[in-house]
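The values are calculated or read from the model by the stated rules, or taken from the named source; none is laboratory data. The structure presented is a predicted model; accordingly, all values stated were derived computationally and were not measured. So basically every Cβ, Gly included, is an ideal-geometry build from the backbone, and we count neighbours across all protein chains shown.
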Amino acid sequence: MNNYDNFKAIDFVNHQAFRAWVFNKELDANDDLLLWLSNSPSNRHELEKARMYLLNIHNMQPEISEEYVEDRIQDFWKKAEEKNLNIEDVVPAKKFSVLDWFVAAASVCLIVGLMWFLLPKREQSVNSLLSELFINDQSSDQIEKVNKGTESMYVLLPDGSKVTLEPNSSVSYPEKFGKELREVNLVGEAFFDVVRNPDHPFIVHFNELVVKVLGTSFTISAPKGDNKMQVLVKTGKVSVFENNEWQKLKDNTNPAVRGVIITANQKVEYLKETAKFEKKLVDSPAIINPVLSENDFTFDETPLMDVFEKLEKAYGIKIVVDENQVANCTLTASLSDEPLIEKLNLISKIIHGNYEMIDGQIVMNVKSCKK
């Protein structure tokens, strides 16, 4: 009997009986898997992760031939050997031999997606190789995913990047990305979690704007017919361009074009009627530094500049302050359970000051402060 209690998500995906169970195929009543499932499995989290992944890529239904899949698999192993990647612990050798019924529908997505979705971040080198394999020859065939439902829809792109597509939204992309750019088109609203690949920037076209990233997570809100469009960054950094400016950069007619750059906890709004960008902070900035937690915001006679530096590090937001104004200022307070805006309000009250949010930054004004 298999020891399913020790299975990880990738083990379940690689298990023929599990895949049959996910897709509602009949199993023998005495099958080990069914007996184990009936006993309330202890690693339900890994099982659910594998089940949702299989359902997700099954719904994508990519139209690819078995011969193409086999060629790409062989390319993967060949390039892996050339790069001396230790991948035996990443992809079990037996994996490809048990995909006979599944290969024509989802093997390409499985190879790329499993690496990114199911495995730890330490396999970045393998992810880069897989991304390289699937970018080499772009297909002109476009795939379009439309969310006509009332809940979020999850889409896996050819390079392993993930899209959370909101209702009444659609995303289109090539079956295989091109040699230089990974380009997609969006109508509506979606959250993107992009696989990092500096050699192949990720581009999103929506309405009159273009977003360029290397690898990050962000939200685009551009409802059809709406006057206002927004880009909100969760992690990393993105550049936002108007279409004509992006074309100049792409054609190398104006290489100095940089677009509007926004980073974590920042957003940019664009109004069609004014054709102007406005950079702001997101409504509820979140801690982006995993080393810090809310418990790190208890201060006892702490120099105010140290307080601001800790807030900057935690939220990734620049805090502008005149060091001379706060040279003799200290703070004694517990701000552990407060969101960033409340933290700033409390600090301002204690130091008899105020703050402004300008161009995605926080500008502090200190009126008086006694040591």
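If we keep just the residues of the stretch 179-198 that are in a loop (DSSP other than H, G, I, E, B) and in contact with a Ser or Thr (Cβ under 9 Å, 6 or more places away or on another chain), which is surrounded by the fewest Cβ atoms within 10 Å (Cβ to Cβ)? Steps first, please.
Of all residues in the stretch 179-198, those in a loop (DSSP other than H, G, I, E, B) come to 179-181, 194-198.
Still in the list and also in contact with a Ser or Thr (Cβ under 9 Å, 6 or more places away or on another chain): 194-197.
Working: Val194: 25, Val195: 22, Arg196: 16, Asn197: 20.
My answer is Arg196.
Are any residues in the stretch 8-21 out of contact with any helix residue (DSSP H, G or I) (no Cβ under 6 Å at 6 or more places or on another chain) and part of a loop (DSSP other than H, G, I, E, B), and if so, which ones?
Passing the criteria: only His15.
So, Ile317, is that one at pLDDT below 90 and touching a helix residue (DSSP H, G or I) at 6+ places or on another chain (Cβ under 8 Å) or not? Spell out how you get there, then give the answer.
On the way: at pLDDT below 90: no; touching a helix residue (DSSP H, G or I) at 6+ places or on another chain (Cβ under 8 Å): yes.
It is false that Ile317 is at pLDDT below 90 and touching a helix residue (DSSP H, G or I) at 6+ places or on another chain (Cβ under 8 Å).
Quick one: which of Glu338, Glu309, Glu301 is at pLDDT below 85 and surrounded by fewer than 17 Cβ atoms within 10 Å (Cβ to Cβ)? Please lay out each step first, then the result.
Values: Glu309 fails: at pLDDT below 85; Glu301 fails: at pLDDT below 85.
Just a single option satisfies the conditions, and that option is Glu338.
Surrounded by fewer than 19 Cβ atoms within 10 Å (Cβ to Cβ), within 30 Å of Ser348 (Cα to Cα) and either among the charged types (D, E, K, R) or free of Cβ contacts under 8 Å to residues at least 60 places away in the same chain (or both): is that true of Lys318 in this structure?
Details: surrounded by fewer than 19 Cβ atoms within 10 Å (Cβ to Cβ): yes; within 30 Å of Ser348 (Cα to Cα): yes; either among the charged types (D, E, K, R) or free of Cβ contacts under 8 Å to residues at least 60 places away in the same chain (or both): yes.
In short, yes.
Does any residue of the stretch 166-180 turn out to be within 16 Å of the chain's Cα centre (by Cα), modelled with pLDDT of 90 or more and either among the aromatic types (Phe, Trp, Tyr) or not assigned by TED's automatic domain parsing to the domain that holds Ala222 (or both)? Quick ask: steps written out before the conclusion?
Going through the stretch 166-180, the residues within 16 Å of the chain's Cα centre (by Cα) turn out to be 166, 171.
Checking the rest, the ones that are also modelled with pLDDT of 90 or more come to 166, 171.
With either among the aromatic types (Phe, Trp, Tyr) or not assigned by TED's automatic domain parsing to the domain that holds Ala222 (or both) added as a condition, the list becomes none.
No, because not a single residue in the stretch 166-180 is within 16 Å of the chain's Cα centre (by Cα), modelled with pLDDT of 90 or more and either among the aromatic types (Phe, Trp, Tyr) or not assigned by TED's automatic domain parsing to the domain that holds Ala222 (or both).
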